[in-house]
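*Asks:* Let me begin by handing over the structure; questions about it come next.
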Amino acid sequence: MNDIIFVGRHTTVYTVSRHAHDSWEYVYCTAGGGAFLFGDRSLPYKKGDVVVIPPHVPHSNDSQQGFNNIHINMVSPILTLKEPAVIVDDSNQFLLNAFQAAFYHYYSDRRERTALLSAYGNLISYYLIAYQTGSSRSSVVDEIEHHIINHYSNCDYKLDDYLESLPFSCDYLRKLFQKELGVTPHQYLNNKRLQIAAEALVNAAGSGNTVADIALMCGFRDPLYFSRMFKKKYGVSPSQYSKERPASAEDAISSDSDSIKLLPEED
């Protein structure tokens, strides 16, 4: 399942003649752009796009400006596409990172090479499914989410300062973020901190971490404020939550996923 059998790279190529594969082909455009030709159908692509080509589909590749790519051949993927398609990477470039890692490990001599290629084959396939079926999101929303996830643990994190640094009005960004993710950026930040705190509380036994420690690690400098926000979301205090031990933090988080929409925005 999702077995990578070949990984290659093109650097500044203008034309690839008509051919077909017995396997699936994923082509990530790392620079430039062009169009794949399938009989009388043309499929344009640009930097950051992945062209997915099912087996036994004749195709050629043509570009006026030239293109660079990483291409992967895979057998037995979990994709259900019947026709060639273009899938766009997100602003975090997770797909690009996975393609680059697959390229490296395909040509490496590491003892774990086979296991790593299998892992990256699965990862790439699941990314493609997520990006294929998921709703389209604005790049700026992806950027804001990425920034929050990278900085949620910093008690001095100023989300407003970050939003004001972007080339859009804060009101526009707030409305766009809420439209696409269902919550405002501030609600998302609070929810992320509380979710990760809930996971830490479930696994706190033997770690030596107090509620105050966990609050600080999750971006709450004031333990009392943290406890108040935590109880508002989960219905119990952090210490009670830790003692009750949900079956798993993931279950606890998924069971209250809708409750974040009820949280008031914290300025």
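The values are calculated or read from the model by the stated rules, or taken from the named source; none is laboratory data. Bear in mind that the values here come from a model prediction, so they are computed numbers and not experimental data. Here Cβ is always computed from backbone atoms with ideal geometry, including for glycine, and neighbour counts include all displayed protein chains. Side chains are part of the model used for accessible areas, which takes the heavy atoms of the whole protein and leaves out ligands, DNA and RNA. Shrake-Rupley method; radii C 1.70, N 1.55, O 1.52, S 1.80 Å.
*Asks:* For the condition in contact with a Ser or Thr (Cβ under 7 Å, 6 or more places away or on another chain) and surrounded by fewer than 19 Cβ atoms within 10 Å (Cβ to Cβ), what is the one hit in SER42, SER17?
*Replies:* SER17
*Asks:* Okay, next question. For the stretch 19-41, indicate whether the set of residues that are more than 19 Å from ILE124 (Cα to Cα), among the basic types (Lys, Arg) and in a strand (DSSP E or B) is non-empty.
*Replies:* Yes: one or more hits.
*Asks:* Right, something else. Being touching a residue at least 12 places away in the same chain (Cβ under 8 Å), in contact with a Ser or Thr (Cβ under 8 Å, 6 or more places away or on another chain), under 27 Å from LEU37 (Cβ atoms) and surrounded by 15 or more Cβ atoms within 10 Å (Cβ to Cβ), is that true of even one residue in the stretch 100-112?
*Replies:* Within the stretch 100-112, none of the residues are touching a residue at least 12 places away in the same chain (Cβ under 8 Å), in contact with a Ser or Thr (Cβ under 8 Å, 6 or more places away or on another chain), under 27 Å from LEU37 (Cβ atoms) and surrounded by 15 or more Cβ atoms within 10 Å (Cβ to Cβ).
*Asks:* Being in a helix (DSSP H, G or I) and of a type in the set (Phe, Trp, Tyr) is the filter; apply it to the stretch 101-115 and report the residue that is farthest from TYR188 (Cα to Cα).
*Replies:* Applying the filter and picking the extreme gives TYR106.
*Asks:* Between a residue in the stretch 153-182 that is within 26 Å of LEU216 (Cβ to Cβ) and in a loop (DSSP other than H, G, I, E, B) and any residue that is among the charged types (D, E, K, R) and open to solvent by 50 Å² or more (accessible area, probe 1.4 Å), which pairs come within a Cβ distance under 6 Å, given they are 6 or more apart or on different chains?
*Replies:* From residues that are within 26 Å of LEU216 (Cβ to Cβ) and in a loop (DSSP other than H, G, I, E, B), the pairs are CYS155/ARG221.
*Asks:* Further question: Quick check on ASP213: is it open to solvent by 40 Å² or more (accessible area, probe 1.4 Å) and at pLDDT 95 or above?
*Replies:* no
*Asks:* Step by step: first the residues of the stretch 11-59, then only those that are over 23 Å from the mean Cα position of the chain (by Cα) and among the charged types (D, E, K, R), then the one that is farthest from LEU95 (Cα to Cα). Which residue is that?
*Replies:* ASP40
*Asks:* Return a yes/no flag: does the stretch 116-136 have any residue that is hydroxyl-bearing (Ser, Thr, Tyr), farther than 21 Å from PRO77 by Cα, in a loop (DSSP other than H, G, I, E, B) and open to solvent by 70 Å² or more (accessible area, probe 1.4 Å).
*Replies:* Yes; the residues of the stretch 116-136 include at least one that is hydroxyl-bearing (Ser, Thr, Tyr), farther than 21 Å from PRO77 by Cα, in a loop (DSSP other than H, G, I, E, B) and open to solvent by 70 Å² or more (accessible area, probe 1.4 Å).
*Asks:* Oh, and also: If PHE6 meets every condition in (1) open to solvent by 10 Å² or more (accessible area, probe 1.4 Å); (2) part of a strand (DSSP E or B); (3) touching a helix residue (DSSP H, G or I) at 6+ places or on another chain (Cβ under 7 Å) apart from one, which number is that one?
*Replies:* Of (1) open to solvent by 10 Å² or more (accessible area, probe 1.4 Å); (2) part of a strand (DSSP E or B); (3) touching a helix residue (DSSP H, G or I) at 6+ places or on another chain (Cβ under 7 Å), only one is false for PHE6: (3).
*Asks:* Give, as residue ranges, the strands (runs of 3 or more DSSP E) completely inside the stretch 47-93 that count at least 1 residues that are in contact with a strand residue (DSSP E or B) (Cβ under 9 Å, 6 or more places away or on another chain), surrounded by fewer than 18 Cβ atoms within 10 Å (Cβ to Cβ) and among the β-branched types (Val, Ile, Thr).
*Replies:* Passing ranges, in order: 59-75, 85-88.
*Asks:* Next up: Consider GLU143 carefully, then state whether it is surrounded by fewer than 19 Cβ atoms within 10 Å (Cβ to Cβ) and under 22 Å from ARG228 (Cα atoms).
*Replies:* Criteria not met by GLU143.
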